[in-house]
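Structure first, commentary second.
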Amino acid sequence: MKQRDQGVAIVSVLMLVLILTGVFAVMTRLTILNIQQSGDSVRVTRTLAVAQGGRNFGQSLLQGPVGARMGDAVVSLAQLNLIGNAATWVFAPGYTTTRPPADIVAQKLDLLSTNIQPRLVGSGCYGPYTVTGNQRLSIRVSFTGNLPACDGEPATTVGVGKGRFLSGARNSTQEYSLPYVMVVAASEGTARRTLTVNGEYRFTVGNGSFARYALLTDQHQQGSSASIYFTSRTLFNGPVHTNGNFAFSGEPWFGGAVSSSGVEDTGRQGGFFAASNGSAAFRTPSQLNPPRYSITEPEFTNGVSWDAPEIPFPTNSNDQATAAQQAGLFINSSNSTVVLSTGIGEAGSVMAGQRYQGITVTAGSTTTEYRVLEDPVNGGPGALLRKVAGVWTPVLNSLVPPTPITRFNGVIYGNGGIASLRGPARVPAGSTNPNNAPPALASFAGITVVSNGDIRITGDLKYTDNPCDGALSRNSNGTINVPNCSSDPLAQKNVLGIYSSGGAVRIGAGNSNTALNVPTDVQIQATIMADNTVEVENYRSVSCSLGTAYILGGVIQRKYGAFGTFSGSSCSTGLGRSFTYDQRMLNGLAPPFFPTTSMTNLMPSRQVIQYGQSEQDRR
């Protein structure tokens, strides 16, 4: 009995030791697991901090490098004529509604998204970056929903919303929103933390065109004293501005806003006013309330400002040259002739029955015919064709690889100068009646003729659809005859711009080669801009029998050019000038790629909005 009790005691002790050993083993294991989990938790915490830092870094990427690529995409799409400008709605071109249609905006912003994505580094894969030690960070950005493969993660597709219009107006700045998704992945060892951020990129586009001015000069006088006067013969029915100083005599009439900066010319704010003794006095703004002095009392029907901001002129035409090479017409000749015409495709041809804009270019001894077909879907400019050996063939752009130009963007660029620009000759030949001049611009066409050299106008340039029923004039009783002009930029779509970025735009006259001289009472329906002057050639010697240059549009020039000389109210030499402002420009219409006061682009104001975030961790 005693031995049996001792055996039970030994067994009990052994059982207790076994149990204690098991408990100790379990406790040891739990302690190890807790230590491991504590280490994992520390790594997870650290990867979360890295991921959150990466999210902030991603916001900076969106504001900086990604934003720059977006700007490139906007300019590229505009140059390819795939989106509009602020004359209508940038991402709903052609619409004049109070707000752009949401479905059209979404489609155009999808096009922008598709254009942006391949421009991004790694198609949107940024990294991997080494943060510290074995900590890594990568960021994927997508506007299309297609996330690229990045840092070991495969490519995948996620959902993004639709782009939308936020605020703004036609002929003004416009704000849009483009959805994005950003995936931030941070890792340390086996610990990995992923943040998926959804948000929207808000950006503003704008297009303040020089075409909105009836007259704009950088330097208006030929020195620090008055030498060029607005007189009682002067009539303008649109905005007029100079960065210098105007000079007035008698009763010039202004139907639009008038402004000057005083930065150029005298360097002072104010203007010159003629006196009865033939002299001129410089009057400061405080002396021009009301704006009259001696015999001079201009009529400012829409107000005047003597301290307006300076409007800097563009320095080159590089943007226009690029646009011409991408989806326009680039002429690499300094002595070219450009003739614009309209027509309907001949029966039996590939364009039978289609309206077209004709462009005939002579460079040296080679003459080439081009035609821009009307787009059958939206009615705007369509494919650009060239006649080769009697066959109309598509013109290829300068992209790599070259592709056919299916939407002509309207830019004709003459590298080095254009010796002659005109429309069709009058019928019959030699007619002195401008009504006998056929139209040069098709009803659907928008064209800007550009050169880095001089451009000479040698004939009539008329619209098929004239937006005005006459010319601005003063009646014999002193009242002003203001023509009835359409202000709807889409009622008459044809529009012409002429821009010399490195020289003058000259109205041909007095040349021994009579083909370089304009006909009597030449009609120029275009907005004209020159880095130098817009002037009549040989104006001091040309006979007044050439009559008047009738310009429908606007004239923007660095220096005020001369058209002729006068004695009192009578012409002595040269041409008279009659300016009628194209009211469509005030409401946002502009020739394609006409210089802008802020080139069509993303404006500086951009905002990245985050409205959703999800987290995932992996160990």
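The values are calculated or read from the model by the stated rules, or taken from the named source; none is laboratory data. Just so it is clear, the model here is predicted, and its values are computed rather than measured. Positions of Cβ are backbone-derived with ideal geometry, glycine not excepted, and every protein chain shown enters the neighbour counts. Just the protein is used for accessible areas: all its heavy atoms, side chains included, with ligands, DNA and RNA removed. Shrake-Rupley method; radii C 1.70, N 1.55, O 1.52, S 1.80 Å.
Key figures
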read-out	value
Cα shape, region 477-582, gyration tensor, a/c 1.5 rule	oblate
Convex hull projection area averaged over all views, region 132-172, Cα basis, nm²	5.5 nm²
Partner aspartates and glutamates for LYS462 [C-alpha distance under 16 Å; skip if fewer than 8 residues away on the same chain]	ASP521, ASP582
Accessible area of ASP521 in the full protein assembly, 1.4 Å probe (Å², nearest 10)	40 Å²
Region 443-579 - percent of accessible surface contributed by carbon and sulfur, probe 1.4 Å	41 percent
Hits among lysines - C-alpha to C-alpha of LYS162 under 18 Å, sequence gap 8 or more where chains match	LYS108
Per-residue ³J(HN,Hα) for region 471-477, Karplus 6.51 cos²θ - 1.76 cosθ + 1.60, θ = phi - 60°, Hz, x for Gly and Pro	10, 5, 7, 10, 6, 5, 8
Order of exposure, largest accessible area first, which applies to THR337, THR448 with probe 1.4 Å	THR337, THR448
Loop GluC sites (Glu not before Pro), region 282-378, which have at most 12 other Cβ atoms in a 10 Å radius of their Cβ (DSSP)	GLU346
Derived scalar couplings ³J(HN,Hα) [region 88-103; Karplus, 6.51 cos²θ - 1.76 cosθ + 1.60; whole Hz; x for Gly, Pro]	10, 10, 4, 10, 7, x, x, 8, 10, 5, 5, 10, x, x, 4, 5
Listed residues GLY497, GLN269, LEU112: farthest to the positive end of the dipole of the chain (Cβ charges)	LEU112
Estimated 222 nm signal from helices in the chain, with DSSP H stretches of n ≥ 4 weighted -39500 (n - 2.57), rounded to 500	-6000 deg cm²/dmol
Amide hydrogen neighbours beyond the local backbone of TRP89, cut-off 5 Å, H modeled	GLY94, TYR95
Sparse-neighbour loop sites [trypsin sites (Lys or Arg not before Pro); region 475-548; at most 13 other C-beta within 10 Å; DSSP]	ARG540
Prolate/oblate/rounded call for region 348-411, Cα gyration tensor, a/c under 1.5 rounded	oblate
THR580, THR173, ranked by accessible area, largest first (probe 1.4 Å)	THR173, THR580
Check: the chain dipole with +1 on Lys, Arg Cβ and -1 on Asp, Glu Cβ, in debye	1560 debye
Whether region 315-452 is rounded, prolate or oblate, judged on the alpha carbon gyration tensor where a/c under 1.5 counts as rounded	oblate
Region 180-241 - percent of accessible surface contributed by carbon and sulfur, probe 1.4 Å	42 percent
Amide hydrogen neighbours beyond the local backbone of GLY271, cut-off 5 Å, H modeled	ARG283
Residue-normalised accessible area of the chain, given per residue in Å² at a 1.4 Å probe	43 Å²
For the chain: span of alpha carbons on each principal axis (Å, largest first)	152, 70, 38
